[in-house]
Amino acid sequence: MNQKFNAALAACILSLGSAAIAVPAVEGFESFSGVMDGDGSSAAGQALTNSSGFDGASSASDLPFTDSFGDVYAGTGIVIDTTDPFEGAQSLTWAANSDAFALIGGPSYATVLPGTDGTVYAAFAVRVNSLAAAAADVDIELLRLGQGTGERDIHIGVLDGSLDLVARNGGAGTTLSADAFNPASGSNWDDDTWRVLAIEAIFDTVGTGSSVTVWEVTAGGNTQLGQDTGFTATRADGITHYGYGAFAIIPTGTADTSISVDQVTIYDRNDIADQATFLTTVAADLLGIASVDSWDLY
């Protein structure tokens, strides 16, 4: 397990003042603390580009990937953010001036991450730094949980200002929030506050009974944002890579949208007894981090 994660969790348990709890194994934990540009530097605001390479060591030491990081494609829209990470040294920030995305994983995407077969339990932190004035300029993939080739992926993304579970591999897709990334909404998340989203994905590899559920996890409780159960195809088994960035629509012309992600955490499903245990674990692991100082339901 990642040492940074152990330290954060220990601090969290102490701050809660509670008895020791069983700690599920973390199979993937990405803080982006080791991400560098190809020249070996990681200055705040530095763009990660194809020309100089996407370098550094993954903080997800349990991931059996042959490459720590993949490329950043088609532009310079992803930058290293050291100014206000969720926890640790740095996070990644995407700006809507190019259709750029990063895939983290091996080149063949053939190796399944242990503990993700059958069911994937994952969580991550997201922060809206700014939104463009027009919803059409707010398009980003917040997290891709990849299942090899053939679009067998789980995408949590923002399409024209709507936070969605994006339809893939027979999934119907569903709107998670019409407000969170909508610049016209008085309840959007454009307040520089880190929030935690949790995902449970149950894979049916022989039929159409798969489901994907997403929650916002807060100190005051959990809000189920949405669930996709309308699959018409079987799913692949397990996760082979993950990603972040623009993916469905090339942004239409402004750099006014800026969104950060951090602390991508993928748990070993064998250590998660049920859905309630998962959500309790995410709250204990991520909400105890000191930089999270406020939570707002919308």
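Note on the stretch 131-174 and the stretch 208-245: Cα centroid distance 12 Å, given to the nearest whole angstrom.
With a simple spin-label model that places each label point 7 Å from the Cα along the Cα-to-Cβ direction, the separation between Asp191 and Asp204 comes to 3.9 nm.
About its Cα centre, the dipole of the stretch 187-252 is roughly 160 debye, where the only charges are +1 on Lys and Arg Cβ and -1 on Asp and Glu Cβ.
Evaluate the charge dipole of the stretch 122-187 about its Cα centre and quote only its size in Debye, nearest 20, assuming +1 on the Cβ of each Lys and Arg and -1 on the Cβ of each Asp and Glu. Each step should come with its number before you reach the end.
Numbers: 4 positive and 8 negative charges, 46 e Å.
Dipole of the stretch 122-187, to the nearest 20 debye: 220 debye.
For the stretch 141-241, averaging the sequence separation of C-alpha pairs within contact (under 8 Å, six or more residues apart) and dividing by the residue count gives a relative contact order of 27 percent.
Taking 0.36 nm per residue of separation and subtracting the Cα-Cα distance, full extension of the segment from Asp84 to Ala110 would add 5.9 nm.
No lab work stands behind these numbers, since they all come straight from the coordinates. Just so we're clear, the structure is a prediction, and the values are computed from it rather than from any experiment. For neighbour counting, all protein chains shown are included, and Cβ atoms are generated from backbone atoms with ideal geometry for every residue, glycine included.
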